[in-house]
Amino acid sequence: MSRLQKAVQDYIDMRRALGFKLTEAAVGLRDFISFLKRRSASHITIPLALEWAQQNPAVQPSQWAQRLTWVRCFARYRSATDGRTQIPPWGLLPHRPRRARPYLYTEEEIQQLLEGALQLGGLRGWTYYSLFGLLCVTGLRLSEALNLRSEDIDLAEGVLTIQTGKFGKSRLVPIHASTQKVLQDYLQRRDRTFQRRLSYFLVSQRGNRLDSGQVRRTFYALSRKIGLRGPTASHGPRLHDFRHRLAVQTLVQWYRSGQDVERRLPILSTYLGHVHVSDTYWYLTACPELMGLAVKRLEKRWEGQA
C-alpha cells in the first residue's frame, strides 16, 4: 500500500469514527488516489485535483464542486504530514446547492393526511397514522422515526431516545401527553397483532422495520388522494417538510411572544439534532413570515437606539 493510499484510509477511518458516513466520498477519494498513481504523482497538487474533479464533462457543475470538496478536505488533513500538499482554495469550482423551499402544511392538510392514513385499514393504517403524526409533532427525520426501537420509547416519562441521529449523535426528544396516548394506543394494537417481541417500534405488516422507500411511496399516494400533489406530479410536499413546519412554528411563536430568538436558537438546534446552528438559521430565510418578524424586531431595536 502506498503512502497516499494509507493516508486516505486513515483519513476515512478518522472521519467515520467522528460519525461521518463518507459513503460516496470514500469511493471518490480512493479513485482520486488511483488517478494520482496513474499520473505518477506522489503528492496532491491543485491542477491534478481540478483535472480529477472535472473528469466527466457530462455531469452537473455541482458534482464537480462536490468531488473537489472531497479532495480539499483530505488535502487539509494530508498537509499536516506532507508539506508538499496543495490545498484547493474554496474559490475553485464554486457552487452553492439550492435547498428546497419548505412546504408549510396547514392544520387541515395534516388532518386530511392522517385521516387518509387510517383509511389504509388495519394495523397498517394505524402505523402510518402514528408515523405521520410523530413526524409532525416532533420534527424527527424520517430515518430517526423508522429506527426507533421499542426500548427507545419511554411512554411513562414521555421521552424518545434518538440513538441514530445524523452523524451518529444521540439526543432526547420530549413528547406531549396527547402524543403519548396515541403511541400507547398504537403499541397495544401492534402487540395484539403480533404477540411477540419486536425490535422496532413502528413496523411493517410482517413486523419488520418500515422500509423508507415504501413509506415515501405510501405518502405520495395519500398526498395525491387528498390533493396535496397532482395526479402525475413528481414534486410537491415532502415528509421532511413536517420537520420544517415544526421549526418555523417554533420560531414564529418565539418572535410573537417577544422571546430572545438569538439566545434560544441553540435550544431549537439541539432539539432538531442539527450539527451546526447555522442550519437552524436557514429557516429565517426560508419563511417569508419569519423574515418579516425578524425585520420588525430589528426596526424596533433601531428605533430604540435613535
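Bear in mind these aren't lab numbers, they're just calculated from the coordinates by the rules spelled out. None of these values were measured; they are calculated from a predicted model. FYI the Cβ positions are ideal-geometry reconstructions off the backbone, even for glycines, and counts take in every protein chain you see.
Below is a table of values for the structure above.
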| quantity | calculated |
| --- | --- |
| Extension gain (nm, one decimal) between Ile267 and Arg30, 0.36 nm per residue minus Cα-Cα | 81.4 nm |
| Test item: Cα-centred dipole of region 171-276, Lys/Arg +1 and Asp/Glu -1 on Cβ, debye | 460 |
| Trypsin sites (Lys or Arg not before Pro) lying in DSSP loop within region 182-264, provided at most 10 other Cβ fall within 10 Å | Arg196, Arg197, Arg206 |
| Dipole in debye (nearest 20) - region 1-150, about Cα centre, beta carbon charges: Lys, Arg +1; Asp, Glu -1 | 940 |
| Label-zone membership for region 223-243, site Thr106, 7 angstrom Cα→C-beta point, backbone N under 13 Å | 227-228 |
| Per-residue Cβ neighbour rank within 10 angstrom, fewest leading, Ile267, Ile46 | Ile267, Ile46 |
| Neighbour-count ranking [beta-carbon atoms within 10 angstrom, fewest first] of Asp260, Asp10 | Asp260, Asp10 |
| Estimated [θ] at 222 nm from DSSP helical runs (n ≥ 4, -39500 (n - 2.57)) normalised by residues in the chain, nearest 500 | -19000 deg cm²/dmol |
| Dipole of the chain [Lys/Arg +1, Asp/Glu -1 at C-beta], most positive-end residue of Ala233, Tyr77, Gly139 | Tyr77 |
| Identified option (computed Kirkwood radius over Cα pairs in Å; candidates (i) 19.5; (ii) 22.8; (iii) 20.8) | (ii) |
| Extreme residue, positive dipole direction of the chain, given options Trp64, Leu268, Leu172 (C-beta unit charges) | Trp64 |
| Theoretical FRET efficiency, 1/(1+(r/R0)^6), r = Cβ-Cβ of His176 and Asp13, R0 51 Å, to 0.05 | 0.75 |
| Region 105-246 - percent relative contact order, Cα under 8 Å, separation 6 or more | 30 |
| Surrounding net charge for Ser40, when Lys and Arg each add one and Asp and Glu each subtract one, Cβ distance under 15 Å | +4 |
| Ratio of Rg to Rh over region 13-54 (Cα coordinates, Kirkwood Rh, two decimals) | 1.05 |
| Contact order normalised by residue count of the chain, Cα under 8 Å, 6+ apart, percent | 15 |
| Inter-label distance for Gln249 and Arg76, nm, one decimal - labels placed 7 Å from Cα along Cα-to-Cβ | 3.7 |
| Charge sum, other residues only, whose C-beta stays under 13 Å from Val159's C-beta, Lys/Arg counted +1 and Asp/Glu -1 | -3 |
| Net charge, Gly227 excluded, C-beta distance under 12 Å - Lys, Arg +1, Asp, Glu -1 | +1 |
| Most positive-pole-ward Cα, Phe20, Leu183, Leu93, against dipole of the chain from beta carbon charges | Leu93 |
| Cα-centre dipole for the chain with unit charges at Cβ (Lys and Arg positive, Asp and Glu negative), debye to 20 | 920 |
| Nitroxide proxy distance, nm - points 7 Å out along Cα→Cβ at Ala41 and Gln119 | 5.8 |
